[in-house]
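For reference, the structure discussed in these notes is given below.
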Amino acid sequence: MVNNFKQIRGLLRFENLNDYYFIEVLKRRKDNPRLNVNSRFIKAYYIFSFAEFDAMKDEILCTCEVAHARAYIRLNIRNSHATALHTIKRLADMIASNNTRGSINLYANSSSEQHSDPNVKFLVDIDSHEDLVFSKSVITELFVQSIDPKPGRIISEISTPNGIHLITTPFEINKFRESCPTISVYKDAPTVLYSPVSVTDSTCEIPI
């Protein structure tokens, strides 16, 4: 079981009324071999405060356990005004192309496609201890060499079922890839909030 609620809570901030964090529960084929797609969307959560984050914890845990799914959170802040505008644009495009079936999950899709965080966080996907040590040294060196007036840093190391997600401030991705060509870097990707090893509680009554 991977439970990162406490660690991730310490990385959140709520400074503006319309800012929120996007959480989605996904059923993954790697956890469910009979699934006929790589992942299946189960449910989305939009968290506007620490109180909401704390209040939703039990429901998110239960949803994951019942569906044998993982909860992911994007650590770059979303803004409901910006998301609403993006959703309207996407909806207009869908109507114009006569493809409105995809509009059912449009707000969730819009939340995953853009963010409004002035302090952008990158995600580095690590699969082994050796990659972790080497990638951290490369990133640290890139920060040392950077002429950016804001010093870069590694913000957090978040456990996943298969390794580690490094959460960092921005750095030069192309230079990183010169030294670490097999390690993936994402400018706005979700990290694991919770992942159950198996379904442990079939009594939870959550609509999924």
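The values are calculated or read from the model by the stated rules, or taken from the named source; none is laboratory data. Predicted model, so just to flag it, every value in this text is computed and none were measured. Ideal geometry is used to build each Cβ from the backbone, glycine not excepted, and the neighbour counts take in all protein chains shown.
Some points to look at:
Each row is one residue, and each column tells you yes or no for (1) touching a residue at least 24 places away in the same chain (Cβ under 8 Å); (2) in the same structural domain as ILE77 (by TED's automatic domain parsing); (3) surrounded by 14 or more Cβ atoms within 10 Å (Cβ to Cβ); (4) over 24 Å from VAL120 (Cα atoms).
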{"site": "LYS6", "(1), (2), (3), (4)": "no, yes, no, no"}
{"site": "LEU12", "(1), (2), (3), (4)": "yes, yes, yes, no"}
{"site": "GLU24", "(1), (2), (3), (4)": "yes, yes, yes, no"}
{"site": "GLU52", "(1), (2), (3), (4)": "no, yes, yes, no"}
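- Odd one out for ARG74, checked against (1) touching a residue at least 60 places away in the same chain (Cβ under 8 Å); (2) basic (Lys, Arg); (3) outside the structural domain of ILE8 (by TED's automatic domain parsing): (3)
- The combined condition, being basic (Lys, Arg), in contact (Cβ under 8 Å) with a residue 24 or more places away in the chain, closer than 22 Å to LEU75 by Cα and surrounded by fewer than 18 Cβ atoms within 10 Å (Cβ to Cβ), is not fulfilled by LYS175.
- Of all residues making up segment 127-160, the number that are without any contact (Cβ under 8 Å) to a residue 60 or more places away in the chain and under 22 Å from MET1 (Cα atoms): 5
- Test: residue in segment 28-41 that is of a type in the set (A, V, I, L, M) and either more than 25 Å from THR168 (Cβ to Cβ) or modelled with pLDDT under 95 (or both): yes
- Scan of segment 170-208 for residues that are in contact with a Lys or Arg (Cβ under 9 Å, 6 or more places away or on another chain) and at pLDDT below 95, ordered by number: PRO170, ILE173, PRO196, ILE206, PRO207, ILE208
- Wholly enclosed helices (runs of 4 or more DSSP H) of segment 1-97 bearing at least 2 residues of a type in the set (Asp, Glu): 50-67
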